[in-house]
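Data first, discussion second: the structure below is written as C-alpha cells.
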Ligand code: HAM
C-alpha cells in the first residue's frame with residue numbers, strides 16, 4: 001500500500017471546505033486593506049532562506065527540505081513565505097513602488113516532528129506590508145489579522161506582543177543576556193551552549209525545559225529599549241488599545257526566525273482544544289537589503305491554515321454548497337435528466353447526475369453526496385412535464401415531497417435554496 005509521506009496529508013471534504021472558507025474571508029478582508037495576491041515558487045535556491053531566516057534558527061539548521069537538483073544546485077522547499085516575497089520584490093524590480101502590500105497562501109515544508117497542528121507539509125496564509133515603517137502601519141496589520149480571525153468565527157484568542165527594538169537596543173540587550181546566561185552555561189542544552197556565542201537571542205526561543213527555566217529569570221528586552229524603539233512600541237500599544245484590540249506584552253517573545261526587529265507578535269487560542277500559536281509575525285528591517293534591495297523596512301505575519309482549521313467546527317463545514325441531485329427512475333429518463341442537469345448548471349445551480357442503481361440506491365447515493373434536494377424523473381413526471389422534488393433533510397412527510405412543473409424548476413430551486 002502506498003501512504004502519503006509522514007507529516008503530509010490529503011485535504012478533501014470538510015477540511016477543504018474549511019480551507020476555502022478561510023481563504024475566501026481572508027482575501028476579502030485583505031483586499032479591503034489594500035493587499036493584492038502574490039504567488040511565488042514553492043522552491044527557491046537554498047541561500048534565499050538560509051541568509052534571511054538565519055543559520056542558527058531551528059528552521060534552517062534542522063527543518064529544511066534541501067536537495068541538490070540535477071544541475072547540482074542546492075534548492076529548498078520553502079519553509080515560510082516571507083523570504084520568497086522579498087526576493088520577488090527585488091528580482092521583479094518592484095522597489096520603486098513602495099509601499100507594497102502582498103498576501104499569499106500555499107504549501108510550506110518543515111521537517112519537524114509531526115503532531116497535532118504540526119505537519120511537514122502545511123499551508124500558510126501570509127501578509128507583507130513593505131516599504132513603510134510606523135506604529136500606525138503595525139497597528140493596522142495587527143487589527144487586520146484580528147479581523148480575519150473574527151471573520152472565520154475565532155474569537156477566543158490572545159495576542160502576545162513584544163518589541164525586539166532597533167540594532168542599538170539588541171546590542172545592549174544581547175550583552176546583558178549573555179552575561180546572565182553565561183552564569184548558567186553548564187546547565188544549558190548543547191544547542192543553547194553553541195548559540196550563546198553565535199546567536200544568544202535564539203536561546204529565548206528554546207523548547208528545552210531546563211533552558212526555559214533559566215530563561216524565565218533572564219533580563220528582559222523592554223529594560224534595554226533605545227529612546228526611539230521605546231516610543232515606537234508605546235505608540236503601537238496605545239493605538240491597539242484605542243482600536244479595542246486585546247494584547248498582552250510578553251517580553252520573552254523572540255519568534256523562531258532571525259529577521260525580526262521592533263514589533264513581534266503571535267496569536268494564541270484561549271478556548272478549549274488547540275492552544276499553540278496559530279499565527280505570528282513582526283517587523284523586519286534588513287530583509288530587502290539581504291536580497292540586494294534598498295534599505296527599507298516591512299512588517300508581516302502568517303497564519304497556519306491547518307491550525308485555524310482545528311479551531312473551526314466540523315459540523316458546520318461538512319456540507320458547504322447546497323446541492324441538487326437529479327435522479328432518473330430508470331434508464332428511459334436518462335436523456336431527460338441529462339437535459340435538466342445542463343439547464344441547472346447553466347443557471348449556476350450545483351447539481352449531480354445520479355445515474356447508477358435502482359431508485360432506492362440512487363437516493364442513498366444522493367444522501368451520501370450531501371444533496372439537499374433530489375429531483376426525481378419517472379415515466380409519469382416525463383409524460384406530464386413535471387418533477388417530484390424531495391427535500392432530503394426534512395422529516396415532516398407532508399412537506400418532504402412536492403410536484404413542480406418542470407418549466408418552473410429553476411425559480412423554485414432558487415427560492416428553496418436561499
Ligand atoms: P512562523 O511563526 O514560523 O512565521 O509561522 C507562522 C505560522 O505557521 C505559525 O504560527 C503556525 O501557525 C504555522 N506553522 C509553522 N510551522 C508549522 C507546521 N510545521 N505545521 C503546521 N503549521 C505550522 C513565519 O513563517 C513568518 N514567515 C511569518 C511572517 C510573515 N513574519 C513576517 N511576515
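The values are calculated or read from the model by the stated rules, or taken from the named source; none is laboratory data. Just so it is clear, the model here is predicted, and its values are computed rather than measured. When we count neighbours, we look across all protein chains shown, and the Cβ atoms used for this are built from the backbone with ideal geometry, even at glycine.
Values for this structure:
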{"read-out": "Filter pass, residue 126 being more than 14 Å from the ligand (Cβ to nearest atom), within 12 Å of residue 282 (Cα to Cα), touching a helix residue (DSSP H, G or I) at 6+ places or on another chain (Cβ under 9 Å) and touching a residue at least 12 places away in the same chain (Cβ under 8 Å)", "value": "no"}
{"read-out": "Qualifying helices (runs of 4 or more DSSP H) (wholly inside segment 256-324; at least 3 residues being surrounded by fewer than 19 Cβ atoms within 10 Å (Cβ to Cβ))", "value": "314-317"}
{"read-out": "Failed condition for residue 366, given (1) surrounded by 19 or more Cβ atoms within 10 Å (Cβ to Cβ); (2) under 38 Å from the mean Cα position of the chain (by Cα); (3) over 14 Å from residue 391 (Cα atoms)", "value": "(3)"}
{"read-out": "Whichever residue in segment 177-191 is within 22 Å of residue 222 (Cβ to Cβ) and surrounded by 17 or more Cβ atoms within 10 Å (Cβ to Cβ) and, among such residues, is nearest to the chain's Cα centre (by Cα)", "value": "177"}
{"read-out": "Tabulated pairs, segment 237-259, first more than 16 Å from the ligand (Cβ to nearest atom), second in a loop (DSSP other than H, G, I, E, B), C-beta under 6 angstrom, 6+ apart or interchain", "value": "251/220"}
{"read-out": "Close pairs from segment 185-205: first under 15 Å from residue 171 (Cα atoms), partner crowded, with 17+ Cβ neighbours inside 10 Å, Cβ under 6 Å, at least 6 apart", "value": "196/181; 198/56; 199/56; 200/177; 201/254; 202/56; 202/195"}
{"read-out": "Conditions (1) at pLDDT 95 or above; (2) assigned to a loop (DSSP other than H, G, I, E, B); (3) surrounded by fewer than 14 Cβ atoms within 10 Å (Cβ to Cβ): number failed by residue 79", "value": "(3)"}
{"read-out": "Residue in segment 140-157 that is surrounded by 15 or more Cβ atoms within 10 Å (Cβ to Cβ), in a strand (DSSP E or B) and at pLDDT 95 or above present", "value": "yes"}
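Okay, residues lined up against (1) assigned to a loop (DSSP other than H, G, I, E, B); (2) surrounded by fewer than 17 Cβ atoms within 10 Å (Cβ to Cβ):
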| position | (1), (2) |
| --- | --- |
| 9 | yes, yes |
| 17 | no, no |
| 26 | no, no |
| 44 | no, no |
| 56 | yes, no |
| 107 | no, yes |
